[in-house]
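Notes for the one structure printed next.
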Amino acid sequence: MLLIMTAFYSGSLRSSSVSDYFKRTLRAARRTLSGVNSPLLLVVALMAFTLSAPYSVAQSVVLSVDASKAGAKIDRNIFGQFAEHLGHGVYEGIWVGPESKIPNTRGIRTDVVTALKAIKVPNVRWPGGCFADEYHWRNGIGSPRVVTLNPNWGGVIDPNTFGTHEFMDFIDQIRSEAYVSVNIGSGTPKEAADWLEYMTTAQPTTLEKERAANGHSAPYKVAYLGLGNESWDCGGNMTPEYYVDQMKVYSRFVRNYNPAQQEKQQMLKIAVGPGGGEPRWTEWTEAIMKAYQQHTWSWDINGLSMHSYTVVHGWPPSYASVGFGEAEYAQVLKSTLDMDGLIAKHSAIMDKYDPDKKVTLVVDEWGSWYAPLPGSNPGFLVQQNSMRDAVLAALNLNIFARHADRVRMANIAQMINVLQAMILTDKEKMVLTPTYYVFKMYLPFQDATFVPVSFDAGTYKHGDVTLPRVDALAAKGKDGKLWLEVTNVDPNEPVEVELNLTGIAAKSATGETLTAPKVDSINTFDAPNTVLPKPFSAKTEGGKLTLKLDPKSVTVVSVEP
Ligand code: AHR
């Protein structure tokens, strides 16, 4: 007791020195007794605390799943990525050039391609972002390339060595689909129309011949077309009315000529949508959707973009991506859950004008946005990626899945070296982030069918923040199996999830779990395996199938008969 008291008082307790039970009891005691200042009072209070009934047994949650009830398809496109010409997102992150000593295929780094192939990236949005509305595609074809500036992101040089052909090669190498954003802000409808003709026509036009001369005779597939980016801000500060007029013109004239995309696999056009929940944004959604409702044969849209970053306390982002504590963990996760209300708000407006839900709400920029890492170029948006980001990613993916009937596409920002990245690189080194592993664990949910779950999540409290303790997602995978994801948000307490399954016999559950020693644990080039999924399994005992989940963990299992 005296030993524990000393450890408690001095804060020197080490994890290896006591059992899990004691660690949790002490943590709980520390939280409960944090206001007690007198050493004598503290001794008495701590003795009473320790001798009282066991405090830290795992919390129990009953998760009911009726496997016979099917909801919407969880479109694989919600696992999309975003690669902007920003910092080291494209240059160094993807493109090292064919002469580089870093192993590459036609200039595209091999390690990155291998890692991305493993998470089956469904689509990649490119070239921006704000960059897209200043991008002129002709600078990025042929030889020599035109060297330009990137005024949005640090004012650095863009050598344009990564252009249309290189992007399409990259998409091909990772077996993904192209989501190309055209320049409405500083370009013209003709420039965008020419770009699409250059990429997609099979007819012997001058642009087709130019493409062939540049090394690609077959037409490229452009699966998705972004009609500008944030046109209410960096994309040109347009009013909704002005943008609606532009959107119609671009939708009309920027055509995809690829013969394979005329009947099936038609290119989907995505209009600029809201960037928040305030009246300015609801009015924007109203304007676009009202126009859509009245659209004629000559133009159409298939998606409305929405951007929402997790930023606590507004802009500029001030929270650190490393070296933070439980308070910042709780606050960031509370903030990220706002995504649900935001989707609900804009979906409700869309429902008014599009009750059949033909237009997808495309959350094509989401993720955590923290203060730049000290010493980095602030224009490069460099941040680390921790266990907190893994939990954040799972919570958002579950929100998207719960809105699967309207949210059929999303793109985390951004894929490599920028914001909430999958991958970090430094010259020849590469490390996979906790967020990467969440995307990998969620592979069974790509194109799975949503199955409703019900549970009493309980609460996790820290300071003035209260959060649901657990979150969960269920779906019938394309493999026919029932897949479950359960997130234990609580960073201190384990949780026991008892599965109450209807419509499926279950003897065991197997899969993977991702957790880490601390909420701010990260993977680094020197220690890449700190946050790594581990095999997970549970068997029926006494007729019950119970998942025992670690604190701050993301777990994905299939239920086995
Ligand atoms: O992802 C970084 C930037 O955030 C994008 O360029 C822009 O669209 C958004 O404001």
- line: Computed over the chain: longest principal axis from alpha-carbon atoms vs helix 189-200 long axis, angle to nearest 10 degrees, is 80
query: Got a sec? How would Asp158, Asp520 order by Cβ neighbour count within 10 Å, fewest to most?
result: Asp520, Asp158
For the chain, the spread of Cα positions along each principal axis, largest first, Å: 85, 52, 44
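How much length, in nm to one decimal, is gained on full extension between Asp447 and Asp338, taken as 0.36 nm per residue of separation minus their Cα-Cα distance?
36.8 nm
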query: Under a plain spin-label model, where a point goes 7 Å from the Cα along Cα-to-Cβ, how far apart in nm are His295 and Ala327?
result: 4.8
C-alpha long axis of helix 20-32 to longest principal axis of the chain, angle in °: 90
The chain - mean residue ellipticity at 222 nm from DSSP helices (-39,500 (n - 2.57) per run, n ≥ 4, rounded to 500): -8500 deg cm²/dmol
- line: Computed about the Cα centre, the charge dipole of segment 507-561 from +1 Lys/Arg and -1 Asp/Glu charges at the Cβ has a magnitude in debye, to the nearest 20, of 240
query: About its Cα centre, what dipole magnitude does segment 279-357 give when the only charges are +1 on Lys and Arg Cβ and -1 on Asp and Glu Cβ, stated in debye to the nearest 20?
result: 140
field: Links that overshoot a 30 Å alpha carbon limit, given the list Lys69/Lys358; Lys190/Lys221; Lys334/Lys548; Lys120/Lys481; Lys357/Lys539; Lys248/Lys334
entry: Lys357/Lys539; Lys248/Lys334
With at most 10 other Cβ atoms within 10 Å, longest stretch of the chain clear of loop GluC sites (Glu not before Pro) (DSSP): 264-561
query: Taking the Cα centre of the chain as the origin and placing charges on Cβ (Lys, Arg +1; Asp, Glu -1), which of Ser454, Cys234, Phe525 is farthest toward the positive end of the dipole?
result: Ser454
statement: The exposure ranking of Ser553, Ser298, Ser176, Ser100, fewest beta-carbon neighbours within 10 Å first, is Ser298, Ser100, Ser176, Ser553
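Taking the Cα centre of segment 404-482 as the origin, how large is its charge dipole in debye, to the nearest 20, when only Lys and Arg (+1) and Asp and Glu (-1) carry charge on their Cβ atoms?
160
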query: Nearest 0.05, what FRET efficiency do Asn377 and Thr502 give at R0 = 56 Å with Cβ-Cβ as r?
result: 0.55
message: Distance between the C-alpha centers of segment 133-204 and segment 277-341? Whole Å please.
response: 26
- prompt: Got a sec? How would Phe455, Phe167, Phe525 order by Cβ neighbour count within 10 Å, fewest to most?
  reply: Phe525, Phe455, Phe167
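Bear in mind these aren't lab numbers, they're just calculated from the coordinates by the rules spelled out. Since we're looking at a predicted model, the values are computed, not measured. All Cβ positions, glycine included, derive from the backbone under ideal geometry; neighbour counts span all protein chains shown.
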